[in-house]
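The values are calculated or read from the model by the stated rules, or taken from the named source; none is laboratory data. Just so we're clear, the structure is a prediction, and the values are computed from it rather than from any experiment. Ideal geometry is used to build each Cβ from the backbone, glycine not excepted, and the neighbour counts take in all protein chains shown.
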Amino acid sequence: MIKRILYGLIGCFVFLIVGLIAGLIVGSFIGGNFMKNFEYAGVMGYEATGLIGAMVGGPMGAIAGIIIGVSFASRSAGNR
């Protein structure tokens, strides 16, 4: 049980960072090429969509990390 929680937390933090970076890059790419006049939080274009991409990618990465970490712990517990 403790192993599942630990793996879930580690996966959450690792994939949170990965999701933030991926969302920032994808959002900046979309804003720089397709939404140059988009404005959000006082910034325009790639900065605005990069911020939104990071806000969306972070939680998605964290949720994916929890699921992957818990399933990895469950799978490795059965191989004893």
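Could you tell me whether the range 5-17 includes any residue that is in contact with a Ser or Thr (Cβ under 8 Å, 6 or more places away or on another chain) and in contact (Cβ under 8 Å) with a residue 24 or more places away in the chain? If you could, list the steps in order and put the result at the bottom.
Initially, the range 5-17 is screened for residues in contact with a Ser or Thr (Cβ under 8 Å, 6 or more places away or on another chain), giving none.
Scanning the range 5-17 turns up no residue that is in contact with a Ser or Thr (Cβ under 8 Å, 6 or more places away or on another chain) and in contact (Cβ under 8 Å) with a residue 24 or more places away in the chain.
Answer yes if at least one residue in the range 22-45 is part of a strand (DSSP E or B), out of contact with any Phe, Trp or Tyr (no Cβ under 6 Å at 6 or more places or on another chain), among the acidic types (Asp, Glu) and surrounded by fewer than 20 Cβ atoms within 10 Å (Cβ to Cβ), and no otherwise.
We begin by selecting, within the range 22-45, every residue part of a strand (DSSP E or B); these are 39-40, 43-44.
Still in the list and also out of contact with any Phe, Trp or Tyr (no Cβ under 6 Å at 6 or more places or on another chain): 39-40, 43-44.
Okay, now just the ones that are also among the acidic types (Asp, Glu), so 39.
Okay, now just the ones that are also surrounded by fewer than 20 Cβ atoms within 10 Å (Cβ to Cβ), so 39.
Checked against the condition, which is being part of a strand (DSSP E or B), out of contact with any Phe, Trp or Tyr (no Cβ under 6 Å at 6 or more places or on another chain), among the acidic types (Asp, Glu) and surrounded by fewer than 20 Cβ atoms within 10 Å (Cβ to Cβ), the range 22-45 yields at least one hit.
I'm checking my understanding of the structure. Among residues of the range 30-80 that are farther than 30 Å from Ile5 by Cβ and polar (S, T, N, Q), which one is farthest from the chain's Cα centre (by Cα)? Show your work before the answer.
Step one: filter the range 30-80 for residues farther than 30 Å from Ile5 by Cβ, giving 30-52.
The next check asks that each one be polar (S, T, N, Q); those that pass are 33, 37, 49.
On the way: Asn33: 22, Asn37: 26, Thr49: 15 Å.
Filtering the range 30-80 for residues that are farther than 30 Å from Ile5 by Cβ and polar (S, T, N, Q), the one farthest from the chain's Cα centre (by Cα) comes out as Asn37.
Restricting attention to the range 2-20, and to residues there that are over 11 Å from Ala64 (Cα atoms) and crowded, with 20+ Cβ neighbours inside 10 Å, which single residue is modelled with the highest pLDDT?
Leu20
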